[in-house]
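Novice: If you scroll down you'll find the structure; I have some questions about it.
Every number here is computed from the coordinates shown, using simple stated rules; none is lab data. What you are looking at is a predicted structure, and each value in this text was computed from that prediction instead of being measured. All Cβ positions, glycine included, derive from the backbone under ideal geometry; neighbour counts span all protein chains shown.
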Amino acid sequence: MSGSNTTDFINPSTFILLGIPGLEAAHVWISIPFCTMYVTAILGNFIILLIVKRDPNLHGPMYYFLCMLAITDLVLSTSILPKTLSIFWFNSREIYFSVCLTQMYFIHCFSAMESGIFVAMAFDRYVAICDPLRHSTILTNPVVAMIGLAVVLRGCIIILPYPFLARQWPYCRTNIIPHTYCEHIAVVKQACADIRISIYYGLFLTVSGMGLDIFFIAMSYIQILRAVFSLPTKDAQLKTFGTCISHLCAILSFYVPALFSYLTHRFGHNVPLHFHILMANIYLLVPPMLNPIINGVRTKQIRDRLLQLFTHTGA
């Protein structure tokens with residue numbers, strides 16, 4: 001009998017996502033803020049795309065990067081929440097193995113893209129503040145397109161080993177995943193094989209990918225701060241640095257929960273599982289919700305166009 005069970009899981013046709021173990025009774029209540037964040041993210045990011053598309057005056061590097069960020073956020077949040085809500089509302093926990101691997105790829109691929117876009121936005125702010133006279137000649141449309149292509153290719157290529165490695169492992173323990181979505185480590189931990197390659201590659205990507213991105217962003221802002229503090233008046237300093245506040249807020253909302261989720265998953269053995277899973281969802285839902293709000297509130301051009309859009313709609 002045990003041999004039959006083992007054979008069944010060598011190549012599972014489906015996985016079972018448990019949702020948030022220990023908080024099953026609260027799934028419906030948890031779905032309310034999750035759904036609110038998702039709807040806000042969808043509306044906010046679509047509005048950013050609509051405003052930039054309709055206004056030729058916003059067809060510049062900063063707003064192109066905002067559009068890239070909006071598209072990435074739409075894909076990220078949509079990759080996890082429909083399935084999560086189906087677990088919470090309808091107890092629909094099954095997910096096909098191939099769909100699970102596809103979800104895994106999209107989540108990690110677009111997370112890597114989002115990190116790369118923040119680096120590009122930091123570079124845009126650096127050039128705009130430290131070398132404003134050459135901004136339009138350095139960040140031309142072809143250069144912005146090349147940066148965008150590089151960000152996309154990097155995200156697509158470096159995450160490719162995740163699903164390929166996950167597919168090759170034998171799953172002879174269980175096909176039950178204690179999570180709301182197919183997160184890489186949560187899936188491969190169910191394999192009955194030596195998965196150190198997957199773990200080490202994930203660690204390598206975190207250090208070489210996200211770690212380097214944070215380093216480049218920090219270097220950009222060190223140069224920006226030097227340029228800001230060299231301005232003659234405090235008003236000029238505050239006004240110049242104010243243009244970077246929205247970007248910094250967006251960066252913090254992405255990297256802080258992402259790093260916390262990663263570190264607790266690998267080293268926080270005393271952290272309750274339900275808390276880790278909640279943080280893993282917040283990391284993918286809060287930034288897509290906050291980015292359009294932060295950019296809409298802090299960027300005067302978008303705020304003005306947004307008011308015009310609703311004024312004309314109301315008229």
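Novice: Would you calculate a helix-derived [θ] at 222 nm for the chain, using -39,500 (n - 2.57) for each DSSP H run of n ≥ 4 and dividing by the full residue count, to the nearest 500?
Specialist: -25500 deg cm²/dmol, from helical runs alone.
Novice: Relative contact order of the stretch 85-166: what whole-number percent is it, with Cα pairs under 8 angstrom and at least 6 residues apart?
Specialist: The value is 48 percent.
Novice: Restricting the calculation to Cα positions, tell me the Rg (one decimal) and the Dmax (whole number) of the stretch 2-112 in Å.
Specialist: That works out to 18.6, 67 Å for Rg and Dmax.
Novice: Give the label of the value calculated from the structure for percent of Cα pairs over 29 Å apart, choosing from [x] 42; [y] 29; [z] 38.
Specialist: Step by step, percent of Cα pairs over 29 Å apart for this structure corresponds to label [x].
Novice: For the chain, which cysteines have no second Cys with its Cβ under 4.7 Å from theirs?
Specialist: By the Cβ distance rule, which asks for a partner under 4.7 Å, the isolated cysteines are 35, 67, 109, 130, 156, 244, 249.
Novice: For residue 273 and residue 136 in the same chain, what is the full-extension length gain: residue separation times 0.36 nm, less their Cα-Cα distance, in nm?
Specialist: 44.4 nm
Novice: Something else about it: Test of understanding: in a Gaussian network model of the chain with alpha carbons linked when under 10 Å, which of 284, 225, 69 would top the mean-square fluctuation ranking?
Specialist: Maximum fluctuation in the GNM of the chain, among the listed residues, is at 225.
Novice: Taking 0.36 nm per residue of sequence separation and subtracting the Cα-Cα distance, how much length would be gained by fully extending the chain between residue 168 and residue 90, in nm to one decimal?
Specialist: Gain on extension, residue 168 to residue 90, equals 25.0 nm.
Novice: What is the Cα centroid distance between the stretch 200-228 and the stretch 95-167, reported in whole angstrom?
Specialist: 14 Å
Novice: Decide, for the stretch 167-216, between rounded, prolate and oblate: order the square roots of the alpha carbon gyration tensor eigenvalues as a ≥ b ≥ c, take rounded if a/c falls under 1.5, and otherwise choose prolate if a/b is larger than b/c, else oblate.
Specialist: oblate
Novice: Would you count, across the chain, every pair of lysines whose alpha carbons are under 30 angstrom apart, provided the pair is eight or more residues apart or spans two chains?
Specialist: 5
Novice: Right, something else. At a threshold of 8 angstrom on Cα-Cα distance, excluding pairs fewer than six apart, so keeping six or more, what relative contact order does the stretch 177-315 reach in percent?
Specialist: For the stretch 177-315, the relative contact order is 19 percent.
Novice: Relative contact order for the chain: what is it in percent, counting Cα pairs under 8 Å that are at least 6 residues apart?
Specialist: Relative CO of the chain lands at 28 percent.
Novice: Largest first and to the nearest Å, give the Cα extent of the stretch 160-306 along each principal axis.
Specialist: Here the Cα extents, ordered largest to smallest, are 67, 31, 31 Å.
Novice: Right, another one. Would you calculate the convex hull of the Cα atoms in the stretch 137-239 and tell me its volume per residue in Å³?
Specialist: It comes to 155 Å³ per residue, whole-number rounded.
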